[in-house]
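S.K.: Provided herewith is a single structure, encoded as structure tokens, for subsequent inquiry.
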Amino acid sequence: MSVSPEHLHGQGDKAAAPRRRGSCTARQAAAAVLTASVALYIALVAFGNITDFGTNQQFVRHVLAMDTTFRDEDLMWRAITSRAWQDAAYVAIIVWETASALVLIAGTWLWLRRDPGRARAVSTVGLSMLLLLFGAGFLAIGGEWFAMWQSEKWNGLQSATRILLLSGLALLAVHATGGREGAERSD
């Protein structure tokens, strides 16, 4: 078997036979694994919040009440002390986490079925939901608006950052599977 000069210079790949529809690339496999990992993680988070409702209910109540912050008079007007509103916010978080997990499970299923266009679209929705929840919800609103960063006990910024980074990494991997062809199909 002889090797052509084009292969030695990296140009032979362009002449290779086109991939069959339904075949899986390494990038698609990585996107599937990351989507599945985030789906499992957030499903376990939601499950934990449902089965151990009281633990994170207290977390949300304290963050919204701002009762473990520095109690700066210029910030305390932001506090939400109504238990009903605090619990409504917590239930909304659980519903959002559960919906995100279900969307990501569907995305994982589509990756496994080797339907990269739909898998990319569905995974993007699920991962964007998590970026919104943990970026806008926990980091911006919880961390800054409700000054969660000031609390030694009820500070979830590190956990939120971890989920935000994992979701962002997964989203990058999902979109690394598309190239120009994938971008045209998703428009």
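Just so it is clear, none of the values below were taken in a lab; they were calculated from the coordinates. A quick note: this is a predicted structure, and the numbers were derived from the prediction, not measured. Cβ atoms come from the backbone with ideal geometry, glycine included; neighbour counts cover every protein chain shown.
S.K.: Along the charge dipole of the range 39-186, Cβ charges K/R +1 and D/E -1, which of Asn56, Leu166, Trp145 sits furthest on the positive end?
M.R.: Leu166
S.K.: Along the Cα→Cβ direction, 7 angstrom out, place labels at Asp87 and Phe47. What is the inter-label distance in nm?
M.R.: The answer from the label model is 2.6 nm.
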